[in-house]
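Have a look at the structure below, then the notes.
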Amino acid sequence: MLTHLSLDELIADTEAEILRVIEHAEDQRTAALYDMVRYHLGLDPSAPARGKRLRPLLGLLAYESIAGDHRKALPGAAAVELGHNFSLVHDDIEDADVERRHRAALWTVVGVPQAINTGDTLFVLSRMALHRLTDLGFPDAKVLALTRLYDETCLALCEGQFLDIWTSEHGDEPISVELYFDMIGRKTAALIAASIKSGAMLATDDEHVIDAYHRFGWALGIAFQLNDDLLGIWGEEQSTGKEPSDLAKHKKTLPVLYALEHAGPEDRVRLATIIRGRTITFDEIESARAILERTGASDYTRAEAQRYRDQAITELERAGVMDGRAAERLREIIVSAISA
């Protein structure tokens, strides 16, 4: 059992597995394509910062907490990270985001056509990573079940992105809090839940345990998103203007939607006007933030994030089969979901 490995070492193992998948696929004629893949993943020599690799890390810790040595689960972890990143390439294009991880988004560097193709390549590489599980001795039926989970999760991601784009295109139509939870369930929680469930599926055949880990991942995914919603408005860098607030980006996150549903008529009109504005000044951001606080939107969002965090802890304990050190690290990640 390798529970003594640090989280950074688990991430390094995941990145090595990802590079193995890439190197197995590339050839001299298409080397530039795989350079684009590495650029987006932050695995090129010039990368200033890499992603947190949260999703594969959670899958490895789930596997380790049940079965020990994480190395057999690395192809599954690589598949999750590659799949997550295919969606990010496409999201950046669809949302016209020009930056990803503090440097130029791929599409701004290589153009939209090549970026779309790179996203497609990442999707295919993620499935190829899953095939390596067969080489490591996992039964075909288990690999097929994992592939089905992966496909269902990718479909949920696409559905969540559809809802996100649709609500942005229909900005004058009200978006309910209920619809928002549905959207983030598909777009955020589904992949985190699948990451953790895949680790459990590789580690055990006990459906009770697998289902508990899946529910744990779902609740954790919602908690993470709600925490991001809080940080996007009240985080230190957003409050000081060092980073653009979600309000400046016209994002209708949970605090905004809650306030629009619960504010008085004057505040509701004022907030809607600010959010719909072509550009938003710092004073308008402060005004919007004050409305959110008056309506209790920040308290509501924080309470919901804590509720889902507590639900995640309950489901993790309900699984009841965890190695102590791995379980401790999973709990640390849960607690970190609430930092705002």
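The values are calculated or read from the model by the stated rules, or taken from the named source; none is laboratory data. Please read all numbers here as calculations on a predicted model, not as lab measurements. Glycine gets a Cβ as well: all are built from the backbone with ideal geometry, and neighbour counts include every protein chain shown.
List of remarks:
- With respect to the stated conditions, residue 89 is buried (at least 19 other Cβ atoms within 10 Å of the Cβ) and among the aliphatic types (A, V, I, L, M).
- Considering 290, 303, the condition of being surrounded by fewer than 16 Cβ atoms within 10 Å (Cβ to Cβ), modelled with pLDDT of 90 or more, over 24 Å from residue 179 (Cβ atoms) and of a type in the set (A, V, I, L, M, F, W, C) is satisfied by 290 alone.
Residue-by-condition table, conditions (1) surrounded by fewer than 14 Cβ atoms within 10 Å (Cβ to Cβ); (2) of a type in the set (Asp, Glu); (3) not in a helix (DSSP H, G or I):
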| position | (1), (2), (3) |
| --- | --- |
| 151 | yes, yes, no |
| 157 | no, no, no |
| 164 | no, yes, no |
| 167 | no, no, no |
| 175 | no, no, yes |
| 178 | yes, yes, no |
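- Selected residue [polar (S, T, N, Q) and touching a Pro at 6+ places or on another chain (Cβ under 9 Å)] from 176, 168, 195: 195
- Hey, residue 78 closer than 30 Å to residue 251 by Cα, surrounded by 19 or more Cβ atoms within 10 Å (Cβ to Cβ) and either touching a strand residue (DSSP E or B) at 6+ places or on another chain (Cβ under 9 Å) or touching a residue at least 24 places away in the same chain (Cβ under 8 Å) (or both) or not: no
- Contact map, the range 114-137: residues that are in a helix (DSSP H, G or I) and at pLDDT 95 or above paired with residues that are surrounded by fewer than 22 Cβ atoms within 10 Å (Cβ to Cβ) and polar (S, T, N, Q), Cβ distance under 8 Å, separation 6+ or inter-chain. Pairs shown: 119/87; 127/147; 130/147.
- Residue check for residue 197: touching a Phe, Trp or Tyr at 6+ places or on another chain (Cβ under 6 Å) and of a type in the set (Lys, Arg): yes
- Residues satisfying the stated conditions in the range 193-227, i.e. more than 25 Å from residue 134 (Cβ to Cβ), within 11 Å of the chain's Cα centre (by Cα) and in contact (Cβ under 8 Å) with a residue 60 or more places away in the chain: 220, 222, 224
- Residue within the range 202-215 that is farther than 18 Å from residue 311 by Cα, assigned to a helix (DSSP H, G or I) and touching a Leu at 6+ places or on another chain (Cβ under 9 Å) present: yes
- Looking at the range 244-299, the helices (runs of 4 or more DSSP H) lying wholly inside it that each contain 3 or more residues that are charged (D, E, K, R) sit at 265-276, 282-294.
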